[in-house]
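All remarks here apply to the structure that follows.
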Amino acid sequence: MPRRIRALLSSLGDEVRSFANESEEIAGRTNLLALNATIEAARSGEAGRGFSVVAQEVKSLASQARGSAAKFREHVLGGLNAGTMIADELVGEVEGARLAELAESIVQSISRSLYDRSIDIRMLASDTSVVEAAADQGRDPRTVARALVRLQALLKHSPYFLNAFIVDATGRIPVCAHANASVRNENLGDAPQYRKAMNARAGEDWFTDAVWENPWSGHRKVLVYVAPIRLEGDVVGVCYLEYDFEGQASRIMDVMKASATNSVISILDEQSRVVATTGAYAFGHRVTHDEQSRSAVAGSDGKIAALSGSSPYYDFDGLNLRCLIEHQVPTEDEIALALRRVFRGVER
């Protein structure tokens, strides 16, 4: 709206100049006619004296009309210019602030969802059937079966996860919720997240790192949660949950996008790489902006960009993810052209 006000004021200014110029032109032509009339009256002598008085009055009125047109131009255009300056400030304050609030709301929703999933992994890692399967390293089919039922129940009732599995102390995967998942044949003994969970200190109950394309899940963009499985204080294995970041981030952004039509919403990691988007950015595309800034609003004719990070949630930093909203708006030229068409229609 402020951008349209600014364009309207600009178009009104153009119309004022046009009308003022026409008025001055008419006043000039009237003045010329009055001068000609005065000359003709002088030639007529005594018979043209009365007409000479009328000609002088017409000349005086033409001069007043020219002065009024100039004063009108000065005062009205001055007011319109002041209004344009105010509209310029509103563009940044109103449009930018609205987008910044929406960006913050989106990234905060994602951050809270990520933290809430940590509760799922912690509860699963402490489940008796999971602990037994990890400690037994899958030797007893009965412990494997009980743990499998538990993992599959979580996937069945939760829309958030693509897979769940247990890794024992040797790096093997004795229990995997999806029997056909290719990861079940891998040994994760050297995986950084596995090592981190196996070496977890007391009080360290869960970990996650970064959004990545998982080749074992059809290159879906995921976030992997791990939690140490403890038996009498000793870590005997690691519980894994594969979070469907691609699907969940898309759901949140799609819901919010109704509040920002003509916008592209993207989620950036701490290296400013795109990890989710409603636009055409490729996964991992690096977006250029002020990387030191947690939040910012920038604008140019035709686009406003708002960037926002999340506030800590239960001491969770949200992986330093940020939301970028790039909002397309009609350019000044496009709005001015539309308004000129309106004025032309009024004139006709």
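The values are calculated or read from the model by the stated rules, or taken from the named source; none is laboratory data. These numbers were taken from a predicted model, which means no experiment stands behind them. All Cβ positions, glycine included, derive from the backbone under ideal geometry; neighbour counts span all protein chains shown.
Spot the failing condition for residue 252; the list is (1) assigned to a loop (DSSP other than H, G, I, E, B); (2) surrounded by 13 or more Cβ atoms within 10 Å (Cβ to Cβ); (3) out of contact with any Asp or Glu (no Cβ under 9 Å at 6 or more places or on another chain), and only one is missed. Evaluating residue 252 over (1) assigned to a loop (DSSP other than H, G, I, E, B); (2) surrounded by 13 or more Cβ atoms within 10 Å (Cβ to Cβ); (3) out of contact with any Asp or Glu (no Cβ under 9 Å at 6 or more places or on another chain) leaves (1) as the failure. Within the set 151, 124, 162, the sole residue that is closer than 26 Å to residue 255 by Cα and in contact with a strand residue (DSSP E or B) (Cβ under 7 Å, 6 or more places away or on another chain) turns out to be 162.
Scanning region 163-182 for residues that are closer than 18 Å to residue 130 by Cα and either of a type in the set (A, V, I, L, M, F, W, C) or under 37 Å from the mean Cα position of the chain (by Cα) (or both) yields 163, 164, 165, 166, 167, 169, 173, 175, 176, 177, 178, 179. Being crowded, with 17+ Cβ neighbours inside 10 Å, within 25 Å of residue 249 (Cβ to Cβ) and over 27 Å from the mean Cα position of the chain (by Cα), is that true of even one residue in region 107-121? Yes - at least one qualifying residue is present in region 107-121.
Can you tell which of 140, 120 is under 21 Å from residue 319 (Cα atoms) and acidic (Asp, Glu)? After ruling out the rest, the residue left standing is 120. Highlighted here are the strands (runs of 3 or more DSSP E) found entirely within region 269-330 that include at least 1 residues which are modelled with pLDDT of 90 or more and small (Gly, Ala, Ser): 274-277, 303-309. State which residue is nearest to residue 148 (Cα to Cα) when the search covers only region 167-200 and only residues that are among the basic types (Lys, Arg) and at pLDDT 95 or above. Taking the candidates together, the pick is 172. Being in a strand (DSSP E or B) and closer than 17 Å to residue 320 by Cα holds for only one residue in 224, 236, and it is 224.
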